[in-house]
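For reference, the structure is listed below as structure tokens.
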């Protein structure tokens, strides 16, 4: 079921693509260099792997297992997310490329272990050009199953030699980024009394709520799961609002932590905040919405800059190295704030330019 306010509208028409089933055109729109598709009738697997850029290393990105209305919609999600992973790795100083996998989840997965083992076999055919990890709709247990078929997987459970759930580390990075934004935009050197509206209280959203609450912030939260809302209310004294009401919540900062494409022509007009900074991937429905936020006087902190903690976590078991890479991300954020102030351009524009320069790719690909 679609959640109110969370539906993503395809921007393909703005790129001159009228036929939604033209999957090669979709790949080109997002600059993807490779697109791989696999079906396995025995398990119900319908998988897509998009590889965007491998200049810095093997394409790395999570495995998303969700229902999609069409193959084109799934391909577009994979391609868009793969581009984001390339930019994320480049700006965080991580030696890997950008890729993403999307599994079109069937109504029922009869044998989940066999399903993910089959996906691991698919990954293995790519010879190490793509490395997968946890994403929406998958877990560390699923990664353990994938690992039976391929070594090109990260984010395994601790019991199987992995680094475990990356959500807390992702949330920690986002919280630190929020502290920087609050300091530079609101001239506050702490989060005491800062009102943060969190959209989505699942793994990362819940962990971010905890991080912010422990540092003095006041939490407002929405989620489709009543149990998630109750947990945040009980543990963080959070104010709960409806899925649609989160956009109009009076707050200092809006933190999207659920689905992508939530910042669009309709929702941006309703925002009642000074800053947008959250953990969800691809929060802007289209890149132009970053400029619309800017025109409204709302500072948008690019998601692919500040949510790199998950990637850092799954690629490194060494805690000291994790901290070094997290600090690199925060240093990059400071630079982007400074460059944006000098140029007058949005932060996402500056982030795109910086990432494209690192990756040696043409702008707007």
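Between 0 and 90 degrees, the angle of helix 167-186 with respect to the longest Cα principal axis of the chain falls at about 30 degrees.
The stretch between residue 110 and residue 34, if pulled fully straight at 0.36 nm per residue, gains 24.4 nm over its current Cα-Cα span.
Would you mind checking the tilt of helix 226-236 against the longest principal axis of the Cα atoms of the chain, expressed as 0 to 90 degrees and rounded to 10? Here the helix axis deviates by roughly 50 degrees. Relative contact order for the range 38-174: 26 percent, from Cα pairs under 8 Å spaced at least 6 residues apart, divided by residue count. Once volume of the Cα convex hull per residue in Å³ is calculated for the structure shown, the corresponding label among (i) 140; (ii) 130; (iii) 121 turns out to be (ii).
Is the C-alpha gyration tensor of the range 14-160 telling us rounded, prolate or oblate? Criteria: a/c under 1.5 is rounded; beyond that, a/b larger than b/c is prolate, otherwise oblate. It is oblate, given that a/c is not under 1.5 and a/b is not larger than b/c. Multiplying the residue separation of residue 360 and residue 148 by 0.36 nm and removing their Cα-Cα distance gives an extension gain of 72.7 nm.
Is any residue of the range 259-300 close enough, with backbone N under 20 Å, to a label point placed 7 angstrom from the Cα of residue 339 along the Cα-Cβ axis, and if so, which? Under 20 Å, as judged by backbone N against the label point of residue 339, lie 276-278, 282-284, 287-295, 299-300 of the range 259-300. Angle of helix 347-359 to the longest C-alpha principal axis of the chain, folded into 0 to 90 degrees and rounded to 10: 40°.
Working ranking of peptides 123-130, 291-298 by packing, defined as the average number of other Cβ atoms within 10 Å per residue, highest first, is 123-130, 291-298.
Using just the helices of the chain, give the 222 nm mean residue ellipticity in deg cm²/dmol: DSSP H runs with n ≥ 4 each add -39,500 (n - 2.57), and the total is spread over all residues, rounded to 500.
Taking each H run of at least 4 residues, the total per residue is -13000 deg cm²/dmol.
In this calculation the C-beta distance from residue 296 to residue 324 is compared with R0 = 51 Å, giving a FRET efficiency of 0.90.
Quick note: the coordinates plus some simple rules give every number you see, no bench work behind them. Since we're looking at a predicted model, the values are computed, not measured. Positions of Cβ are backbone-derived with ideal geometry, glycine not excepted, and every protein chain shown enters the neighbour counts.
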